[in-house]
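Q: Have a look at this one.
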Amino acid sequence: MGTEFSKVIPKGEIIYKEGQMADCAYLIESGQVELFVTSKDESTPLSLLGPGEIFGEMAMLDGSRREACAKANTEVVLSVVSKEALSERIDEADPIVRLLITMMAKRTRETLKVNKSITQNKKLKIRESTNSNTEITDINLGLDVIQKIRYEKELHEALENDEFMIHFQPIVSIETQNVVGFEALTRWNSPEHGLVRPDIFMGIAEETSLIVPLGHWITETACREFGHIQKALSDEMGKIPKLFCSINVSGRQMQDPKLFEILQKATWLNKIHPKQIKLEITERVFISGSFVFDWISKCRNKGYSVALDDFGTGYSSLSSLHKIDANNLKVDKSFVQAMEDDHNTFVIVKSIVEMARGLNKTVIAEGIETSEQLNLLKKIGCKYGQGYLFSKPMSKDDVINFLLKKPAKKAA
């Protein structure tokens, strides 16, 4: 049968029966599924479904029993869509979208009942899906959804199997190029996919409740490994270096009541002072409401600093920037990497630096890759920077070697 996420159903096997309660829906990866109804020991086919199509979702949406039976017309491979995965996305959708889904589900259910009644009394021609091996309309969309759901399931397993790791990218002084801190970045070493890009798996994690336990793991691991870095440097140098560690926090994590408890415990256990922890949030979180301002104040009251990440690319916060008690603005790499060739972009970056200075905030420029970018940032007075020009993200051990000027292993 396969895993909980993916099922292989032999030809002729019943997937579910009419009248059963629904606990999941299915996406067809390959093969053909027949939907049919039964009456007086006779079965009447309703439709044939092919790759990329979903079925069994109606009973999940309205909590009713299955209106039809489903069987494998050929051997089929199905992706299982859990009730939680579906309802969570619907609950978090825009209210208008939720209304549309609810009304469509209701109308489709009523239409299905009418068609079922007609079909049982008249042998109508079975509707066959246009999704065949030779003519597939929305198959790419369907397969994209399958891949996304697969990643979600694999991410849960990855957290259980300890497949994530923390790498640290140095943040340096633009003036001296000395390391002043690090950004903790999460990597997923998947046995099946290899190293998966963070922009793929973190986006999926943030769409679901997985980001909360993953966020706990990131916080605990980043603090533990940063503590190890500090200890190794202290043992070698005879003193604890003045470094900070930036940890990214999503909007969903900001509403996690355990976040500060876990963070405080992790810093205490690893002998890290709160002022050494910088919590990075993006501009987009400000669309969530005024609680974000209260959350930032809570961070500052507990001794943590706050950085506004990807500044200039998301929510337009200029009108409320004076109310945001953040220590740093992080200029997005798209601005930094474009300012060499685009004078207008250079002017924007220069204006951000000057504005931040006037608001008593410092600027960290992301994505620095060339000496020319570094020189331009130094010219306009940008204080900090990070990027491949200085170093790629590194493992804990490579960070220690990097800071002690020892030969390091190849960075990931």
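Q: Tell me, what ³J(HN,Hα) does each residue in segment 169-174 have, in order and in whole Hz, if you take phi through Karplus 6.51 cos²θ - 1.76 cosθ + 1.60 with θ = phi - 60° and put x for Gly and Pro?
A: 9, x, 10, 10, 6, 4
Q: So what J values fall out for segment 392-402 if you push phi through Karplus, 6.51 cos²θ - 1.76 cosθ + 1.60 with θ = phi - 60°, rounded to Hz, Gly and Pro as x?
A: 6, x, 10, 6, 3, 5, 5, 4, 4, 4, 4
Q: Classify segment 214-264 from the C-alpha gyration tensor, please: rounded if a/c falls under 1.5, else prolate or oblate depending on whether a/b exceeds b/c.
A: Prolate, since a/c reaches 1.5 and a/b exceeds b/c.
Q: Taking θ as phi - 60°, what are the ³J(HN,Hα) couplings along segment 150-163 by the Karplus curve (6.51, -1.76, 1.60), each to the nearest whole Hz, with x for Gly and Pro?
A: For segment 150-163, the Karplus-derived couplings read 4, 4, 4, 5, 5, 5, 4, 5, 5, 5, 5, 9, 6, 8 Hz, x marking Gly and Pro.
Q: How many percent of DSSP beta bridges within segment 148-403 run antiparallel, rounded to 5?
A: Close to 40 percent.
Q: Just add up the charged neighbours of His343: K/R +1, D/E -1, any other residue whose Cβ is under 14 Å from the Cβ of His343.
A: So the environment of His343 carries a net charge of -2.
Q: Would you mind ranking Ser30, Ser82 by Cβ crowding within 10 Å, fewest neighbours first?
A: Least crowded to most crowded, the residues run Ser30, Ser82.
Q: Most exposed first by the Cβ proxy, i.e. fewest other Cβ within 10 Å, how do Ser209, Ser6 rank?
A: Ser209, Ser6
Every number in this text was worked out from the coordinates using simple rules, so none of it is lab data. The structure displayed is predicted, hence computed values, not measured ones. No Cβ is skipped: glycine too gets one built from the backbone with ideal geometry, and neighbour counts run over all protein chains shown.
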